[in-house]
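Undergrad: Please see the structure below; I have some questions.
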Amino acid sequence: MTEETWTKGEKQETRCNDPLFALLFYGNVGAIVGVAAAYADEAFTDDTTSGYEYEGYLYAAIICGGLALVFSALLVALMMRIPQFLIKTSLIFMVGLTGFWMVISFATGAIGIGIMGAIFFALMLCYARAVWGRIPFATANLVTSGTAIRSNCGVTLFAYVFGALAFGWSMLWTIAFLGVWEQTYDCTERQDSIYSDCNTNYGYLFLLFLSFFFTHQVLQNCVHVTVSGVVGTWWFAPEESSSCCSPSCS
């Protein structure tokens, strides 16, 4: 494609296009910070109202977040190394995994789970057969994307920074969630029974889950639109997007 066959667009001014959602985002983050600061101590004391020990939940969140960061970095490196084989390999792996699930289930006598595994195995075989002819096109797109990212490796640093932000947000949210759970958890003893009726405020929990996914979607889409802009610039104006610290990455 030459400059005669397309028209270069004008540089857009830097501005906030969604002020309402920007305010909602900052208000949401501020609210979670306030809740975590106000109720964190109550969740991590030796004498909790619910009787739970919440440290284990926090450690589990730290381990899951750390593993997610490590595996994300490894998968990006793998995608850069072998994009030609990645799609076929992943598809064959999923078919083999469902087949292995089916065989192991029947071998151990879990007939119900084995039947379920057989259904998923058949569905994966049908899916693989349906998309196999489209794999070369998808592979070409993946190779092109990998080439664009290698030419602008600074954008991967941007992705890792936002991955770290997502990890920090998950830790902060977990502390706020545990604090709210402990604060709203209430038990009422039943008459003539050794059991108690225990409940928490599910309305608050719903808002917390909404906050969790909303913030992660914002962080994810920040990376998405940044990478899209860099790749688009590399495609149409490679002279502006062919180095680690090219203008398109800033």
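Undergrad: Pick out the one residue from Leu157, Leu178, Leu165, Leu172 that is without any contact (Cβ under 8 Å) to a residue 24 or more places away in the chain, within 25 Å of the chain's Cα centre (by Cα) and within 30 Å of Leu58 (Cβ to Cβ).
TA: Working: Leu178 fails: without any contact (Cβ under 8 Å) to a residue 24 or more places away in the chain; Leu165 fails: without any contact (Cβ under 8 Å) to a residue 24 or more places away in the chain; Leu172 fails: without any contact (Cβ under 8 Å) to a residue 24 or more places away in the chain.
Answer to the selection: Leu157.
Undergrad: Is it true that some residue in the range 115-132 is modelled with pLDDT of 90 or more, within 30 Å of Trp235 (Cα to Cα) and either assigned to a helix (DSSP H, G or I) or over 29 Å from the mean Cα position of the chain (by Cα) (or both)?
TA: Yes, some residue in the range 115-132 is modelled with pLDDT of 90 or more, within 30 Å of Trp235 (Cα to Cα) and either assigned to a helix (DSSP H, G or I) or over 29 Å from the mean Cα position of the chain (by Cα) (or both).
Undergrad: So is Leu157 under 21 Å from Leu24 (Cα atoms) and either modelled with pLDDT under 85 or open to solvent by 50 Å² or more (accessible area, probe 1.4 Å) (or both) or not? Let's see the steps before the verdict.
TA: Details: under 21 Å from Leu24 (Cα atoms): no; either modelled with pLDDT under 85 or open to solvent by 50 Å² or more (accessible area, probe 1.4 Å) (or both): yes.
No: the conditions fail for Leu157.
Undergrad: Which is without any contact (Cβ under 8 Å) to a residue 40 or more places away in the chain and either of a type outside the set (A, V, I, L, M, F, W, C) or surrounded by fewer than 16 Cβ atoms within 10 Å (Cβ to Cβ) (or both), of Ala128, Ala118? Before you say what the answer is, go through the steps one by one.
TA: Values: Ala118 fails: either of a type outside the set (A, V, I, L, M, F, W, C) or surrounded by fewer than 16 Cβ atoms within 10 Å (Cβ to Cβ) (or both).
Just one listed residue meets the conditions, Ala128.
Undergrad: Let me ask something else. Pick from Leu91, Leu86: which is surrounded by 15 or more Cβ atoms within 10 Å (Cβ to Cβ), modelled with pLDDT under 85 and part of a helix (DSSP H, G or I)?
TA: Numbers: Leu91 fails: modelled with pLDDT under 85.
The match here is Leu86.
Undergrad: Output the residues belonging to the range 4-37 that are part of a helix (DSSP H, G or I), at pLDDT 75 or above and open to solvent by 60 Å² or more (accessible area, probe 1.4 Å).
TA: Applying the first criterion (part of a helix (DSSP H, G or I)) to the range 4-37 yields 4-5, 19-37.
So of that shortlist, the ones also at pLDDT 75 or above come out as 19-37.
Listed by number, the residues that qualify are Pro19, Leu20, Phe21, Leu23, Leu24, Tyr26, Val33, Ala37.
Undergrad: Find all pairs meeting these conditions: Cβ atoms under 9 angstrom apart; at least six residues apart or on different chains; first residue within the range 83-111 and closer than 23 Å to Trp132 by Cα; second residue of a type in the set (D, E, K, R).
TA: Final answer for the pair search is none.
Undergrad: I'm trying to understand the selection: among the residues of the range 38-69, which are over 23 Å from Leu207 (Cα atoms), of a type outside the set (Asp, Glu), modelled with pLDDT under 80 and open to solvent by 70 Å² or more (accessible area, probe 1.4 Å)?
TA: None; the set is empty.
Undergrad: While we're here: Could you please tell me which pairs satisfy a Cβ distance under 6 Å, a separation of 6+ or placement on different chains, a first residue in the range 187-210 that is within 15 Å of Ile32 (Cα to Cα) and in a helix (DSSP H, G or I), and a second residue that is open to solvent by 100 Å² or more (accessible area, probe 1.4 Å) and modelled with pLDDT of 80 or more?
TA: Every condition considered, no pair remains.
Undergrad: Might you check whether a residue that is within 22 Å of Val225 (Cβ to Cβ) and touching a Phe, Trp or Tyr at 6+ places or on another chain (Cβ under 6 Å) occurs anywhere in the range 133-150?
TA: Yes: the range 133-150 contains one or more residues that are within 22 Å of Val225 (Cβ to Cβ) and touching a Phe, Trp or Tyr at 6+ places or on another chain (Cβ under 6 Å).
The values are calculated or read from the model by the stated rules, or taken from the named source; none is laboratory data. Computed from a predicted structure; not experimentally measured. When we count neighbours, we look across all protein chains shown, and the Cβ atoms used for this are built from the backbone with ideal geometry, even at glycine. Note: accessible area is taken over every heavy atom of the protein model, side chains too, but ligands, DNA and RNA are not part of it. Shrake-Rupley method; radii C 1.70, N 1.55, O 1.52, S 1.80 Å.
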